[in-house]
Amino acid sequence: MLEFALAILPVLGFLFLLLDVAWAVYSRATLQYAVAQGVRYAITSQTLGGLGQKDSIRTIVQRNAFGNLGANSSAAAWSSIQVHFYLPNGTDVSGVVGGNGQQNGVYPLVEVSVESISEKSLLPIVRIPGLGTLGPIIMSARAWDRMEASPPSGPPAM
């Protein structure tokens, strides 16, 4: 009994540490997947009904985040999703041209990012001597791609 009691505490501690690390990896991978899907949607120059291009992209990112960015357009989650358009020389044209617009015959690059998302650990009550309780993990994710021409209207040519 004594050996079991002395052995189970480190084993449980290691198990919970493993679960915390797995949760952090899952959360980061989820954010990266969401911004990748946002960029994938953005390069097609589509928009959702009733929304502008940037808000459509933000909605797609939020839908693909599996609840990590809130279920609706809450102010904190919505403002953490950034969408920018850049020319190849680095000029930010987000306010000048929409994502599907050319400037001097060049389609812009689109960057979709999620910045400073705070993810709590599974065991925030664990006290580490000298460090206090475990704090939240701050994560960010970013994806880039080049815009494409707008899809043609009507049926595709055969």
Kindly indicate whether any position in the stretch 85-102 is surrounded by 14 or more Cβ atoms within 10 Å (Cβ to Cβ), modelled with pLDDT of 80 or more and within 21 Å of Glu115 (Cα to Cα).
yes
Any idea which of Leu31, Leu17, Leu48, Leu12 is farther than 14 Å from Met139 by Cβ and either at pLDDT 85 or above or of a type in the set (Asp, Glu) (or both)?
Leu12
Return the only residue of Leu31, Leu18 being part of a helix (DSSP H, G or I) and exposed (fewer than 11 other Cβ atoms within 10 Å of the Cβ).
Leu18
Using beta carbons and a limit of 6 Å, which pairs, at least six apart or on different chains, have the first residue in the stretch 133-153 and farther than 26 Å from Tyr107 by Cβ and surrounded by 11 or more Cβ atoms within 10 Å (Cβ to Cβ) and the second one among the hydroxyl-bearing types (Ser, Thr, Tyr) and at pLDDT below 80?
Leu134/Ser121; Pro136/Ser118
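The values are calculated or read from the model by the stated rules, or taken from the named source; none is laboratory data. No experiment lies behind these values; they were computed from the predicted model shown. A quick note on method: Cβ atoms are made from the backbone with ideal geometry, for glycine too, and the neighbour counts reach across all protein chains shown.
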